[in-house]
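Asker: Structure below; questions to follow.
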Amino acid sequence: MIQMKVPLSSPDIIEKDIEAVVGVMKTRFLSIGPKVVEFEKRMSEFAGTKYAVAVNSGTSALHLIIRGLGIGEGDVVITTPFSFISSSNCILFEKAEPLFVDIDEQTLNLDADKVEAKLESLSKEELGKVKAMIVVDAFGQPADWDRFKQIGKKYNLRLIEDSAEALGAEYKGRKCGSFGEAGVFAFYPNKQITTGEGGILVTDDAELARLARSMRSQGRGESGEWLDHERLGYNYRMDEMSAALGCSQMKRIEEILDKRAKVARMYGEKLAEVEEVQVPFIADYVSRMSWFVYVIRLERGIDRDKVIKYLNEEGVQCKPYFTPIHLQPFYRKMFGYKEGDFPITEDVSGRTIALPFFNNLKEEQIEYVVEKLKCGLQAQGKNSI
Ligand SMILES: *Cc1c(COP(=O)(O)O)cnc(C)c1O
């Protein structure tokens, strides 16, 4: 077999996308112009929310939600340790504290039963500090939203949806992003659609949207006077080129989601006979999966890192996904987390591999990846460590 080079991800940029970006560059409006407004309209319509506020990253959108909801020092926010780090860092930005709860072994999303058990176990005083939950739709699979909404209500918690990985995903027929008081999408080049860098906050809460608009632009008031600042703000604005790219990409969002689903299906078929590999599990309440990455799990006892090394050497770019947040060096240092604190997250993390995954991944590339994976598994055989 001749060696191929298969990247982990690759943005899908067509001529029309390029024209859209160049078109903006021929106008006077490179920032604060009509494209951001158009992009926000498209995104709020898509997510089914009243408002959308475009910003320069998904992380910025999360930060504005935390700040906008008034979460700060002394407050505690429940979230998952199995995620990209910004879903937890946004809590630290405002000096609040994350309270991690372990994930469901199958869906890899926050485990609603464990969340309830955790809340039940807290003293009245501790419970009083818990203000919110940031629930992530991990890898594009919706969390069990009926449960989280019910828990949020019961314990009077603000509910935030980190849907950065789940644009277009649906839970029981309803689109992700709209389940909490506010949700987030992100547009880094490995996400379902890209704006280069970028993110957006979606919400039905007029006050939160108003605050977010002000804070993304140096705390300016609605009058828009350039040197009037009503509150502490940031420069989190999305520029016009990015918004134009986002608008152009959103025109073919259905096609993009279908292409990704097709790639996932091909992987699923070709991996079905590989005994040591567990393919992604999709819960029955998921009416539409929005594939962000294709993450497999190896059987226990296989040296995952050796398999990854072998694949990389064979030209197949792949990565462990994710390293648990609580075991990141500065989380250990700040909160004293250690191995064993969240056993399911740790067990899963030690066995995952994100395989190459993007819209235009070809069947022969998938075959190559699967073939090399089989070779890698054989070489590392389960009893070889
Ligand atoms: C990508 C991502 C974000 C936001 O990332 P940015 O790089 O800041 O746009 C937030 N949460 C999760 C779970 C993500 O995967």
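The values are calculated or read from the model by the stated rules, or taken from the named source; none is laboratory data. For clarity, every value in this text was computed on a predicted model and none was experimentally measured. Reconstructed Cβ throughout: ideal geometry from the backbone, glycine too, with neighbour counts over all protein chains shown. Only protein heavy atoms, including side chains, enter the accessible area calculation; ligands, DNA and RNA are left aside. Shrake-Rupley method; radii C 1.70, N 1.55, O 1.52, S 1.80 Å.
Asker: Could you list all residues from the range 283-298 that are more than 16 Å from the ligand (Cβ to nearest atom) and either open to solvent by less than 60 Å² (accessible area, probe 1.4 Å) or free of Cβ contacts under 8 Å to residues at least 40 places away in the same chain (or both)? Don't jump to the end; show me each part of the working.
Answerer: To start, the set of residues in the range 283-298 that are more than 16 Å from the ligand (Cβ to nearest atom) comprises 283-288, 296-298.
Within the range 283-298, 283, 284, 285, 286, 288, 296, 297, 298 meet the criteria.
Asker: Here's another thing I want to ask about it. Which one is nearest to the ligand (Cβ to nearest atom) among residues in the range 134-158 that are farther than 30 Å from residue 264 by Cα and in contact with a helix residue (DSSP H, G or I) (Cβ under 9 Å, 6 or more places away or on another chain)? Break it down into steps so the answer makes sense when it comes.
Answerer: Start the filter on the range 134-158 by keeping residues that are farther than 30 Å from residue 264 by Cα, which leaves 150-158.
If we keep only those that are in contact with a helix residue (DSSP H, G or I) (Cβ under 9 Å, 6 or more places away or on another chain) too, we end up with 150-151, 154-155, 157-158.
Working: 150: 23, 151: 20, 154: 25, 155: 23, 157: 19, 158: 17 Å.
Result: 158.
Asker: Being out of contact with any helix residue (DSSP H, G or I) (no Cβ under 6 Å at 6 or more places or on another chain) and part of a helix (DSSP H, G or I) is the filter here; which residues of the range 320-330 pass it?
Answerer: Hits for the range 320-330 are 326, 327, 329, 330.
Asker: Follow-up. Of the residues 308, 344, 302, which is of a type outside the set (Ser, Thr, Tyr) and either in a strand (DSSP E or B) or within 27 Å of residue 98 (Cβ to Cβ) (or both)? Before the answer, list the steps.
Answerer: Values: 308 fails: either in a strand (DSSP E or B) or within 27 Å of residue 98 (Cβ to Cβ) (or both); 302 fails: either in a strand (DSSP E or B) or within 27 Å of residue 98 (Cβ to Cβ) (or both).
None of the other options fit; the residue is 344.
Asker: Report, by residue number, each residue of the range 93-117 that is in contact with a Phe, Trp or Tyr (Cβ under 9 Å, 6 or more places away or on another chain) and not acidic (Asp, Glu).
Answerer: 98, 100, 101, 103, 106, 107, 108, 109, 110, 112, 115
Asker: Could you tell me how many of the residues in the range 350-374 are open to solvent by 10 Å² or more (accessible area, probe 1.4 Å) and either assigned to a helix (DSSP H, G or I) or of a type in the set (Gly, Ala, Ser) (or both)?
Answerer: 8
Asker: Against the definition (touching a residue at least 60 places away in the same chain (Cβ under 8 Å), more than 30 Å from residue 371 (Cβ to Cβ) and surrounded by 13 or more Cβ atoms within 10 Å (Cβ to Cβ)), how does residue 24 come out, yes or no? Reasoning before the result, please.
Answerer: Numbers: touching a residue at least 60 places away in the same chain (Cβ under 8 Å): yes; more than 30 Å from residue 371 (Cβ to Cβ): yes; surrounded by 13 or more Cβ atoms within 10 Å (Cβ to Cβ): yes.
Against the criterion (touching a residue at least 60 places away in the same chain (Cβ under 8 Å), more than 30 Å from residue 371 (Cβ to Cβ) and surrounded by 13 or more Cβ atoms within 10 Å (Cβ to Cβ)), residue 24 qualifies.
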